[in-house]
Amino acid sequence: MRKFIPSDFKSIGELSVCGITSAVVAVGVFDGLHKGHRKLLTELLDLSRQTGAEPVVMTFFPHPRQLLTDHPPKLLYPPSEKVRLLYQFGAKAVVTVDFTKEFASLSPAEFLRQSVFAGPVEIKGLCVGKHWRFGAKAAGDTDFLQRSANERGFLFSAVDELCMENGQVVSSTSIRESIGKGELEKAAQMLGRNYSLFGKVEHGYQVATEKLSTPTANLKITDGVLPPFGVYAAYVHLDEQRFPAAVNIGVSPTFRAQYGEIQPRVEIHILNGFKESIYDRELELEMVGFVRPERTFGSPEELKKQIREDIICINRFLERG
């Protein structure tokens, strides 16, 4: 099968410029690219083998619930990471449709005409999650899609949800809830990999460098859900390299009297003598495991001692894999 360079496609029709004449399409939001999504992608690749058509993913931005609900979810991953993973898991092209209120108000038939069936590319197959709904008032469902498949002559597959051994459905919502409760291992089981935060390094109060002799990078989170306050073992992904790190998430209660109320921060200390300046750099923070809760110490010296113990614990944690 031909390989295509990842591009910012906005419609199925644009795929023709890459030589794609026929496609099978998986449709969904795909936030987090968890194991349930990968089940859908496995079905997409199977349809591709059956039809000889290229496997294509169609997704949406912004997240539909960001426009249609009063309390939209925080995205687990930035769009760029989602697209990267979709290519990694087998898509030959990714189409990101601009999701607007006008688009959401289309009838199911018009919704499909303006997205899936837009342009000269022949659609030979379509797969979605079994409970996916679309179009005005969520009137479109898998029954509607099956009728469309019968009329247009393409293959259609509605993929069942994936459940964990305890019966819990694997979903982006379940992953957010697990992270919020500090259940990183459970989130990792649903994702099929460790959970990550994404952000940009910004200047902080310089407390860790001046008073604790432990320079830290303060990460302003752009995407992801924060776990409970505490100290964590982690890896920093930077320039295609992976560095072990100690992470504190919280409000620095030991220094509250000096600095006043501090907004929750993510402070990263990259281990093993890392010296490079990474201010204003964007990075991925892979959360591996919880070490201890955040707490107030009687003095900076007491906190310095605890940090040394934390680093020993984190190194052992990461060495265990």
Task: Unmet criterion (only one of (1) in contact with a strand residue (DSSP E or B) (Cβ under 8 Å, 6 or more places away or on another chain); (2) at pLDDT 95 or above; (3) surrounded by 16 or more Cβ atoms within 10 Å (Cβ to Cβ)) for Arg152 - done: (3)
Open item on the list: Condition first: β-branched (Val, Ile, Thr) and at pLDDT 95 or above. Can you find one or more residues in segment 142-149 that meet it?
Closed with: yes
- [ ] Quick one: which residue in Phe103, Phe117 is touching a residue at least 40 places away in the same chain (Cβ under 8 Å) and among the aromatic types (Phe, Trp, Tyr)?
- [x] Phe117
- [ ] Would you list the helices (runs of 4 or more DSSP H) that sit entirely within segment 49-127 and hold 2 or more residues that are farther than 21 Å from Leu197 by Cβ and in contact with a Gly (Cβ under 9 Å, 6 or more places away or on another chain)?
- [x] 108-114
Open item on the list: Criterion first (farther than 18 Å from Leu75 by Cβ and at pLDDT 95 or above) does Leu33 satisfy it?
Closed with: no
TODO: Please determine, by comparing only the residues of segment 82-100 that are touching a residue at least 40 places away in the same chain (Cβ under 8 Å) and not aliphatic (A, V, I, L, M), which one is surrounded by the fewest Cβ atoms within 10 Å (Cβ to Cβ).
DONE: Asp98
- [ ] Pick out the one residue from Arg49, Arg65 that is modelled with pLDDT of 90 or more and charged (D, E, K, R).
- [x] Arg49
Task: Number of the condition not met by Gly230 [criteria: (1) on the phi < 0 side of the Ramachandran plot; (2) touching a residue at least 12 places away in the same chain (Cβ under 8 Å)] - done: (1)
- [ ] Specify the residue that is nearest to the chain's Cα centre (by Cα); the eligible residues are those in segment 227-256 that are among the polar types (S, T, N, Q) and outside any strand (DSSP E or B).
- [x] Ser252
Open item on the list: I'd like the full set of residues that are within 29 Å of the chain's Cα centre (by Cα), assigned to a loop (DSSP other than H, G, I, E, B) and in contact (Cβ under 8 Å) with a residue 24 or more places away in the chain, limited to segment 142-168.
Closed with: Asp160, Glu161, Leu162, Met164
TODO: Please work out which residue is surrounded by the most Cβ atoms within 10 Å (Cβ to Cβ), limiting yourself to segment 296-305 and to residues that are touching a helix residue (DSSP H, G or I) at 6+ places or on another chain (Cβ under 7 Å) and in a loop (DSSP other than H, G, I, E, B).
DONE: Phe297
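The values are calculated or read from the model by the stated rules, or taken from the named source; none is laboratory data. Everything numeric here is computed off the predicted structure, so don't read it as measured data. All Cβ positions, even for glycine, are placed from backbone atoms using ideal geometry, and neighbour counts span all protein chains on display.
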